[in-house]
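Here's the structure we're looking at; comments come further down.
The values are calculated or read from the model by the stated rules, or taken from the named source; none is laboratory data. Since the structure is predicted, the reported quantities are computational estimates derived from the model, not experimental observations. Backbone-built Cβ (ideal geometry, glycine too); neighbour counts: all protein chains shown. Ligands, DNA and RNA are excluded from the accessible area calculation, which covers all protein heavy atoms including side chains. Shrake-Rupley method; radii C 1.70, N 1.55, O 1.52, S 1.80 Å.
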Amino acid sequence: MTPTKSSGSKGKPSGKANSSSKSKPKGSAPTGISKRKAKSLALAKPGGAQKTKSLTSSDTKQKKKRVYTEKELNIPKLNGIIPAGIAKPKGQKKGKVFVDDPESMMAIMSVVQAEKEGHIESKIQKARQWEEVREAKRKEMEKRSEEKKKKFEEKKEALKGKKGKRRHSDRARVAVEEEDEKPKEKKARKRVSFG
Amino acid sequence: MRPLTEAELKTLLEKLATYCGKGIQSLIADGTADRHVFRIQKDRVYYVRESLANLATSVKRESLLSLGTCLGKFTKTGKFRLHITSLSVIAPHARYKVWVKPNGEMPFLYGGNVLKAHVGRWSEDCPAHQGVIVLSMNDTPLGFGVSAKSTAEARRLDPTGVVTFRQADIGEYLREEDTLFVT
């Protein structure tokens, strides 16, 4: 297709027939003799036709090349490797392999179901384990908070008891202080007598 | 229209098994002479009577719109997505169920998730992120979804907490009327 594109002018539709019809007159125009005529002229010459005939026969013999098989070429075996994914055993059916008989369908089904069952079972197991862990944690927290509460209560009780005692002691101390202070005041007080 | 390949069948059955229990086996071998088969047409999978599937071979692929019950479709990434039309197939074999009270039916049918306040009953021992069939209190299947929390965790949830994430509901028959059966 490329040669036709190069020979053909822009904008004009390029086709096989079109290009061939264009190229023919171009080649024959300078001589003014068509190919057929030239051939007949050559044949008319004495000896001319024979020469050309012998030449063409020798050319064809030279052009005919021997086709080698891969074994003859001794190509290293590494070059001949086909990737494992691409290689397909011969005689195998082309295209998709359908599963339509109930036996094979049941086989696939049982495999799938066993997988799913195991999956769900493990999920449930895991959930139960987590639940147990959570329960244990909760219990521990409860226990801890109860202990804290108990300690607090104890402390409170202890403080209450102490407060009561302190109050008594305070009163006693105050009383003692008062008693101590009183005589001093008595001494300091001046008395005035009119008499 | 063609039968499923092994990989496709496995993907489909895995999805069905998230919602169904052991009863799923009766989908394939129901014991009757005229068994049901899975057929794929374009990217949609249909659950069809075998005799019907055989008859449908006389219709050319481009002209065949649907047949049997559409279960869902294969996505471009090769996963399988269940459609609401599959509810009639999976609901009788459901493994985990959630019953919704009448006050929760409409919110669910309008595309909302199932809240704890709307739950009337639920199956025990349901793990999180497991396929669940949503039913009304009179056992009418309304749709299906995925459990947000395990049953034990859901018990501690507050009433406005989501129990089941909606996947499909029968309200789609109206909401998705234009696209539901178009391939």
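Checking each residue in region B:164-183 for being surrounded by 13 or more Cβ atoms within 10 Å (Cβ to Cβ) and either more than 18 Å from the chain's Cα centre (by Cα) or charged (D, E, K, R) (or both) picks out B:166, B:169, B:172, B:175, B:176. Note on region A:21-123: enclosed helices (runs of 4 or more DSSP H) holding 1 or more residues that are modelled with pLDDT of 75 or more are A:70-73. Of the residues making up region B:114-147, those that are buried (at least 18 other Cβ atoms within 10 Å of the Cβ), closer than 24 Å to residue B:81 by Cβ and not aliphatic (A, V, I, L, M) are B:126, B:127, B:130, B:131, B:141, B:143, B:144, B:145, B:147.
The numbered conditions (1) more than 23 Å from residue B:2 (Cα to Cα); (2) surrounded by 14 or more Cβ atoms within 10 Å (Cβ to Cβ) are all true for residue A:121 except (2).
Would you confirm whether any residue within region B:90-98 is part of a loop (DSSP other than H, G, I, E, B) and of a type in the set (A, V, I, L, M, F, W, C)? No, there is no match, as no residue in region B:90-98 is part of a loop (DSSP other than H, G, I, E, B) and of a type in the set (A, V, I, L, M, F, W, C). Is it true that some residue in region B:148-157 is surrounded by fewer than 20 Cβ atoms within 10 Å (Cβ to Cβ), part of a helix (DSSP H, G or I), touching a helix residue (DSSP H, G or I) at 6+ places or on another chain (Cβ under 7 Å) and within 14 Å of chain A (Cβ to nearest Cβ)? Yes - at least one qualifying residue is present in region B:148-157. Is it the case, given these coordinates, that residue B:77 is away from chain A (no Cβ under 14 Å) and either touching a residue at least 24 places away in the same chain (Cβ under 8 Å) or outside any loop (DSSP other than H, G, I, E, B) (or both)? The answer is no for residue B:77. Could you please find all residues in region B:1-19 being facing chain A (nearest Cβ under 7 Å) and closer than 17 Å to residue A:99 by Cα? The answer is B:2, B:3, B:4, B:5, B:6, B:9, B:10, B:13, B:14. A single entry from B:22, B:101, B:42 fulfils the requirement of being closer than 23 Å to residue B:143 by Cα, more than 9 Å from chain A (Cβ to nearest Cβ) and basic (Lys, Arg): B:101. The set of residues in region B:52-68 that are outside any helix (DSSP H, G or I) and either of a type outside the set (Val, Ile, Thr) or buried (at least 17 other Cβ atoms within 10 Å of the Cβ) (or both) comprises B:58, B:60, B:61, B:62, B:63, B:64, B:65, B:66, B:67, B:68.
On the basis of being touching a strand residue (DSSP E or B) at 6+ places or on another chain (Cβ under 8 Å), of a type outside the set (Ser, Thr, Tyr) and within 11 Å of residue B:137 (Cα to Cα), does residue B:112 make the cut? No; evaluated as a whole, the condition is false for this residue.
Note on region A:84-114: among residues that are open to solvent by 100 Å² or more (accessible area, probe 1.4 Å) and more than 8 Å from every other protein chain (Cβ to nearest Cβ), the one that is farthest from residue B:49 (Cα to Cα) is A:86.
Criterion applied to A:163, A:150, A:155, A:139 was being at pLDDT below 90 and more than 14 Å from chain B (Cβ to nearest Cβ), and the one residue passing it is A:163. Criterion applied to B:104, B:72 was being over 30 Å from residue B:1 (Cα atoms) and either of a type in the set (Gly, Ala, Ser) or part of a helix (DSSP H, G or I) (or both), and the one residue passing it is B:104.
Can you say whether residue B:55 is over 21 Å from the mean Cα position of the chain (by Cα) and among the hydrophobic types (A, V, I, L, M, F, W, C), as far as the supplied structure shows? Against the criterion (over 21 Å from the mean Cα position of the chain (by Cα) and among the hydrophobic types (A, V, I, L, M, F, W, C)), residue B:55 qualifies.
If a residue has to be open to solvent by less than 10 Å² (accessible area, probe 1.4 Å) and either in contact with a helix residue (DSSP H, G or I) (Cβ under 8 Å, 6 or more places away or on another chain) or over 18 Å from residue B:82 (Cα atoms) (or both) to count, how many in region B:1-18 make the cut? Here the count works out to 5.
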